[in-house]
Structures are given as C-alpha cells and as structure tokens.
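What follows is one structure encoded as structure tokens, with my remarks underneath.
Readers should treat all values here as calculations from the given coordinates under stated rules, not as data from a laboratory. As the structure is a computational prediction, the values presented were derived from the model and not from experiment. In this analysis, Cβ positions are derived from the backbone assuming ideal geometry, glycine residues included, and neighbour counts consider all displayed protein chains.
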Amino acid sequence: MTILRQFIIAPSLARLIQKERGGERVLEGYFPDQPQRRTYVQLEESRSSLILEASEGAAPDEQADLPLAHAQALLAVSHGQVEYVRTTLSIGPQEIQVLHFVRPGTLDLVGVASAPENGQDLPPLPWFGQEVSAQPAYQRRRLALDGAPDAPEVDVTNAALTSLLDLLEDRYTTWPVQGQAEESGAPAAEMSPALDAPVPAPETETDKAIDDLGIEDAVIRELARSLQPRRG
C-alpha cells in the first residue's frame, strides 16, 4: 500500500491494536541516497527483498526477492536500520497500516492512502493524532539514517477510544465522513441493536469486557473501563 497520509497515534492505542490484531515484525536496512534511486533491504516474516525506490519523476520502484542469508548480510552492512511491528486494519476496501517502531526509537504511526473510488483524501479518524505526512523526519528512511524525532504526545479521549474499538469490532463498513466521526463517542448501546439485551451488574460486565480484550496494561485498562455503559 502506498501511504499518502501519515499520523502520530498514542502508544496506548497502538498497544491495544497490537493486542487485538497482532502484527508482523519487519526489519529494514537503508543505504545512502544516490542519484535517481534509493536502496533498502527489507526482512519480513515470510519474505526478504531488495527494494530500489525511484526518485520523483523517475521509473517505478523495483523489488527483488532475496534468500534470507543474503538479506541478512545486506542488513548487516546497511547504514541505518528500522525495526517495527506492522498491523493492517481495513474499513471496506480501504487499508490502514499501524506501525509500532522499536528501533531506532519508540514511535507509533498510522498510515492511510487516498480513497480509490473518489481520489480524495479521507478525513482522519478520531483516534488519529497530529498529521506528519509532509515531515520527512517521520519517513522510514529518515528514521533509519537520522534517528527518531521527538514526537508530540497524543491525548486519548473517550471519542477516540470508542472509534478505535468500533473499528476493532468491525462495526465500520465504510469510512466515516467528518460528521459521523464526531458522533463515535456515543455509548456503544446506541450503535448496535444487539446490545439492547439486559446488562448484568456493572462490576461483572466491566471485568468480563476487560478480560475479553486480554489487556494487562494499567493505562489501557482504565481507558477500557471508562467506555463501559453506566447505569443511571
């Protein structure tokens, strides 16, 4: 997927995504820029490749499969490396890539491409933070060669967490428009008829929902508790 827009996300949300959907660990080694092309080696869990990135206006990118031993040898002599866990989500035909970087520094990014059916940029989802699409420091090549920048903190709101849980629970069939994204903070019971059934005691329901998520981190646990329906 060609990423055209990229955003910072909160580390706690990235952890929740990885716990729920897993991810693929990726290693990349980058070599110094050359005229008309840039080169890097990529080691995925099931594939190793040498990739030639074309400069703007040049020929398309080229990718060649490599034996694992050859890829590891190239990685060892590369000038800079990045290591990240990539998790792919989707809303209809639109893919979202969540990248949790562990090297050269901790950083969490989410990337999307323009909607193919209308050629327009999609509005950011409520759990997206600051957009960094135009900042070279957040591109993987620059992370490998220059190191990780000091990323700003991203506030996690109830609306942001609710929107992400809706996505993880496959409630989105199309990408929400701007107005719909703002409504994602509504209680889950108002979104799905399946939740009209009687709700057990709050303590039992809360504990069960958190256990089902498999979340052990204290911060994410408190965020999950805040989404539970309140009896009034």
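Things to note:
- Cut-off 12 Å between beta-carbons: net charge of the residues surrounding residue 39, Lys and Arg +1, Asp and Glu -1: -2
- Nitroxide proxy distance, nm - points 7 Å out along Cα→Cβ at residue 77 and residue 153: 4.5 nm
- Cβ-based exposure ranking for 164, 122, in which fewest neighbours within 10 Å come first: 122, 164
- 13 Å beta-carbon shell around residue 129, net charge (K/R +1, D/E -1): -3
- Virtual paramagnetic centre 7 Å along Cα→Cβ of residue 25, amide N under 18 Å, in the range 72-94: 72-73, 75-76, 81-88
- Segment residue 86..residue 133, full-extension length gain: 15.1 nm, with 0.36 nm per residue of separation and the alpha-carbon distance subtracted.
- Other residues whose C-beta falls under 11 angstrom from the C-beta of residue 168 contribute a net charge of -1, scoring Lys and Arg +1 and Asp and Glu -1.
- The distance from the alpha carbon centre of the range 92-109 to that of the range 1-37 is 4 Å, rounded to a whole number.
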